[in-house]
Structure formats: C-alpha cells, structure tokens
Amino acid sequence: MVPHGVRSILKEVFARDKPGKALAEHEGAEVQTRTAEPASKTDSRLSTAIAIARLIGILGIVYVHAWTGRTAEELAAVAFSGQAILRTALGEVFGRSAVPLLGMISGWLVVSTAMRQDYGPFLLGKARTILLPMILWNAIAILLVGAAATFGDLKAPTPSTIGWTLNELVPLVHANDIDVQMPFLRDLFVCMMVAPLLVRASTVWLALVALAVVAWSVSGVHVPVLLRPQILVFFTAGIAARRFGVAERVAAWPIVLCALPFVVLIAPRLWTALLGNAFFDAHPHAMAAFDIVFRLASAVVFWRVAWALAGSGVAERLRRTERYGFLAFCDHLVLLWLFGPVIGLATGALGSGLYPAYLLVQPLLVLGATIVLGRSLLALSPAAARMLSGGRLGRPASVAA
C-alpha cells in the first residue's frame, strides 16, 4: 500500500502542467503512430539494439558468477595464476557492463509507461514483471540449492535462521547468499517506485538526484533503501539519455571512439580486481568513484557493439534469443550451483587443464539450458512461464522496461 501522503504528492505531480507533460503527449502520439504504422527503420534497429544489449549484459553476468570449484580463500591464493587472470578479465570486461547497461536501458524504457499510466497500475505492472519473479526464483533457489547442500555434497549456503531465510527470499537488508544477482531486481523495483516522479522532473532536479546518489554510493554509507545505490545512478542516466537522445548519438560514433575510455580504464581496473578485497578496503571511496566511471565507460562501448550487431545478419536471431534473457538472469545461479560441479567432474576446477574451455562456454551453457527450460515451461504451463519470466515468455517478443 502507498501511504496517503505519498499518494497525494503523486496525484499532484501527475496533475501538474509540467515540462514533462509535453513529453507525455509526444510519447502517447508516438505509441499511437507506431501502432497504426510500421516502425521506421531507425526505431526498429534501436529496439533490436536494446534487446541485444540486454542479452550481452545478462550473459556477461554469468562470467562474474562462473563456477570455479574453488573457495574464496583458494581463489585469493591463486589470484595471479593464468586461469585466475582469465576469469577476472572475462568478468571485468563482459560482466561489469551489465549493471549500468541494464539499469540505463530500464530507465530509458520506463519513460513511456511512467508517462502514460496512473501510479497504481504502473506499480502493479512492475511488481508482476520484477518483484514476483524475483521472489519465486529466490524460493526455488532456497529449496533446490538448500536441499542439495543439506542432503548432498554441494557446498552452498543453507537456511540457518528465519531472518536469513526471509532476507534470502526478499533481500531487504543485505544481498542474497545464493541468488547473489537478485538485489539488482530488488533495487530496480525501488527505482520504479519513484520513476513517475523522475520522468517528470526537470533536468536540474534529475541531475541533483543523480549527484546525490553518486555521493551516497561513493561514501559507502549503508542505507538499505537501496542495497546498491549505483543502480539508481544508472537508472536516472537512462531517463536522461532518453530525454536528450544520447542512445542515438552514441550509436553514430565510431566504435574506436566509444571503446577508447574503456581501453584506458580496463588495465587499472583489472589490476585492482586482481589485488582483491584488501586493496578495495584500503581505498573504498576512490575505488567506488572509479567503479562508477569504469562501468559507464563499459556501458558505452557495449551499447555501441549492440548497435552494430543490430544492423548485422545475426540481429534477428539475437533478438529472438533475448526473450529468454530475463529467465537466464533469474535462473543462472541456480543452474551454476546445481550443475556447475557436475560438469566440473569432467573438466576439473580452476587450475585444471580443461577448465579454461569450460569457463569460456559457461554463458552459452546457461543460455542453452534456459532456452530448454523456457520452452518446457511454455509447453507444460504457459502461466508458470509468464510468471517466472516476468511476462517475457508466453507473449509476442517485444522490448519492455
């Protein structure tokens, strides 16, 4: 339930004749035009690029969470070995772009729906597409991974207290221990709660919000309104990018220009990542600020790559595959917890001869397993497929926030 005072403020904001009103009217006209007429070539490529960018981001996250067969202490001890450097490089190059990419895309896309819909229906829709699948997949992870750890040989977190279990189901005060990616959805839903205000805010207010959240993120102060304040920074940046046509402008830049900041920053980023938590703990504010800059640089270059792929011969295939992307985001850690060690029996853990090949293909293995799971769900229960995929399966493919 939304408190009465907040509801009154939202009603007033929705009723005011603000600069956002013209944008709302434009968005409404744009939606009607697109319904009545075929989308222009540019709009179609933009939509495809967004789908591809999301797929790149989600598959990149798998490298960050990839199965290694090693404990944190063992990984720290071999941090500068060849295979450990490869794992770190893949995670930093492909994985660190995911949060800014997905956050900015969500902010870019939400402008239309937040302008068109009343607050209640808007928030209810986001609860169905973000909050419900998060809770369902967290419950599945607790049940399956917890059972495998309790009754089998899997080394994984198990339910220990009621508080732990509740936080694992809905991460309210700290991140999950099993589905460590889910705080993104939790924080994204919080961003959606304030999205109607942000999309109607003036540019000055939008910038002030972004700067305040950047300061919060760099400070390291833990306020569990957001577990990762960076997500609101990127979400706000996405709204601003929609307002000023940044996506289209960056798409027109040469790839070399887009990649230049990323190339400059990747070496120090890899070095600090290899040094581990001790270095981050010694320089928390500087590293937090550097992390934001690096993530933005990586988002720019991978958006430009997505735009190039959207104009290539593989664009349609990638767009069709993207409908399984959200399901892969939700299920990939369950798959890695349960099946990573099984495949690892054949390849060996990090340090073994076959491990690098296994590491490289883990995102593709997750995607393949997810497609099989998604198609099975569609065949057995389309309603379950819709709920577990946040509505992405069981309906025609489209790009939505």
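The values are calculated or read from the model by the stated rules, or taken from the named source; none is laboratory data. Only a predicted model underlies this, so the values are computations on that prediction, with no experimental measurement involved. We place every Cβ from the backbone using ideal geometry, glycine too, and count neighbours over all the protein chains shown.
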query = What helices (runs of 4 or more DSSP H), lying completely within the range 11-101, carry at least 2 residues that are at pLDDT 50 or above?
reply = 41-64, 72-77, 82-90
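Of a type outside the set (A, V, I, L, M, F, W, C), within 30 Å of Ala349 (Cα to Cα), buried (at least 20 other Cβ atoms within 10 Å of the Cβ) and in contact (Cβ under 8 Å) with a residue 60 or more places away in the chain: is that true of Thr88 in this structure?
Numbers: of a type outside the set (A, V, I, L, M, F, W, C): yes; within 30 Å of Ala349 (Cα to Cα): yes; buried (at least 20 other Cβ atoms within 10 Å of the Cβ): yes; in contact (Cβ under 8 Å) with a residue 60 or more places away in the chain: yes.
Yes; evaluated as a whole, the condition is true for this residue.
Among the candidates Met134, Met104, which residue alone is out of contact with any strand residue (DSSP E or B) (no Cβ under 7 Å at 6 or more places or on another chain), outside any loop (DSSP other than H, G, I, E, B) and over 18 Å from Pro171 (Cβ atoms)? Give the derivation first.
Values: Met134 fails: over 18 Å from Pro171 (Cβ atoms).
On inspection, the qualifying residue turns out to be Met104.
Go through the range 101-139 and give me each residue that's of a type in the set (Lys, Arg) and within 20 Å of Gln230 (Cβ to Cβ).
Step one: filter the range 101-139 for residues of a type in the set (Lys, Arg), giving 116, 126, 128.
Selection gives Lys126 alone.
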request  = Please tell me if Ser112 is more than 22 Å from the chain's Cα centre (by Cα), of a type in the set (Gly, Ala, Ser) and at pLDDT below 95.
outcome  = no
Qualifying positions in the range 207-238 - surrounded by fewer than 19 Cβ atoms within 10 Å (Cβ to Cβ) and within 21 Å of Val300 (Cα to Cα) = Ala207, Leu211, Val214, Arg228
ask   = Here are some residues: Leu345, Leu335. Which one is within 21 Å of the chain's Cα centre (by Cα), closer than 21 Å to Leu75 by Cβ and at pLDDT 95 or above?
value = Leu335
task = Could you tell me whether the range 144-151 includes any residue that is buried (at least 20 other Cβ atoms within 10 Å of the Cβ), closer than 25 Å to His222 by Cα and either modelled with pLDDT under 95 or more than 15 Å from the chain's Cα centre (by Cα) (or both)?
result = no
query = From the set of residues in the range 162-180 that are of a type in the set (D, E, K, R) and free of Cβ contacts under 8 Å to residues at least 60 places away in the same chain, which is surrounded by the most Cβ atoms within 10 Å (Cβ to Cβ)?
reply = Glu168
ask   = Within the bounds of the range 128-137, is there any residue that is surrounded by fewer than 17 Cβ atoms within 10 Å (Cβ to Cβ) and either of a type in the set (Asp, Glu) or more than 30 Å from Val199 (Cβ to Cβ) (or both)?
value = no
